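The values are calculated or read from the model by the stated rules, or taken from the named source; none is laboratory data. The model shown is predicted, which means the values in this text are computed figures rather than measured ones. Methodologically, a virtual Cβ is constructed for each residue, glycine included, from the backbone with ideal geometry; neighbour enumeration extends over all protein chains shown. Keep in mind that these areas ignore ligands, DNA and RNA; they rest on the heavy atoms of the full protein, side chains included. Shrake-Rupley method; radii C 1.70, N 1.55, O 1.52, S 1.80 Å.
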Amino acid sequence: MKAFDSQLQNLKRQVEAAPWLKWAGLAIVLLLALFCLQALDAVRVERQKAAMDAELDLRRIMSLKGQDVWFERQKSAVELRDTLKAQLPEVSTPGMAQAALQNWLRGLTSGFGNEQNANIRINRSGTVETVPGVLRVNASLNVAASPRQSLNLLRQIESSSNLVTLETLTLQSDDSNTLHLTLNAYYRVTEGATP
């Protein structure tokens, strides 16, 4: 406490010796007060904007109240999902899905010669989280093919009746003429089977 009192006394003597320090201290206090007011005003503006946004959201939600169209849309969306799901090929196990995809890819590459070295690899399979009962099988295909053969192969994949999506595609048109693609095929697992 004595150290603080001595510091305070020392500060008082310096202020009394130089009157301009009083004005500088007052200016500092005024600047700090202005900064505080500016910060409070910024907080007020931000809170006001948040309140206006919340009121707009509430008005939008209240305008939807009583509209039965959403129940109809939900019903039609469920029907569409079930219709699309029914178009997926049905398998009893994930192994059967992997085998079906491998056989389909072998059929696509059966026209390639032995020197083209078609390599098919089934990478993984797993359920689609958002659609219960649907299995996604990932596979990769490497083949030494000319650009024309690669384009024909891609057209066959695109025109498939099964749902197949390309994940990656790499086509090298140099001395090796290599096509590498990774794809996902989707299958519906039979009711009661464990995916």
**Request:** Please specify each residue of segment 82-97 satisfying the condition of being aliphatic (A, V, I, L, M) and open to solvent by 40 Å² or more (accessible area, probe 1.4 Å).
**Result:** 84, 86, 96
**Asked** When you go through 162, 184 one by one, which is the residue that is part of a loop (DSSP other than H, G, I, E, B) and surrounded by 14 or more Cβ atoms within 10 Å (Cβ to Cβ)?
**Response** 162
**Request:** Being touching a Phe, Trp or Tyr at 6+ places or on another chain (Cβ under 7 Å) and not in a loop (DSSP other than H, G, I, E, B) is the filter; apply it to segment 107-141 and report the residue that is most open to solvent (accessible area, probe 1.4 Å).
**Result:** 136
**Checklist (1) of a type in the set (Ser, Thr, Tyr); (2) closer than 30 Å to residue 135 by Cα; (3) surrounded by 10 or more Cβ atoms within 10 Å (Cβ to Cβ) applied to residue 6, failing item** = (2)
**Request:** Could you check residue 100 against (1) more than 24 Å from residue 181 (Cβ to Cβ); (2) out of contact with any helix residue (DSSP H, G or I) (no Cβ under 9 Å at 6 or more places or on another chain); (3) open to solvent by less than 90 Å² (accessible area, probe 1.4 Å) and say which number it fails?
**Result:** (1)
**Fill in**
Only unsatisfied item for residue 171, checking (1) more than 26 Å from residue 81 (Cα to Cα); (2) open to solvent by less than 40 Å² (accessible area, probe 1.4 Å); (3) of a type outside the set (Ser, Thr, Tyr), is (2)
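Residue-wise test of (1) of a type outside the set (S, T, N, Q); (2) touching a Gly at 6+ places or on another chain (Cβ under 6 Å); (3) touching a residue at least 24 places away in the same chain (Cβ under 8 Å).
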residue	(1), (2), (3)
98	no, no, yes
125	no, no, yes
138	no, no, yes
148	yes, no, no
159	no, no, no
174	yes, no, no
187	yes, no, yes
190	no, no, yes
**Item:** Hey, residue 144 open to solvent by 30 Å² or more (accessible area, probe 1.4 Å), hydrophobic (A, V, I, L, M, F, W, C), touching an Asp or Glu at 6+ places or on another chain (Cβ under 9 Å) and within 23 Å of residue 174 (Cβ to Cβ) or not
**Value:** yes
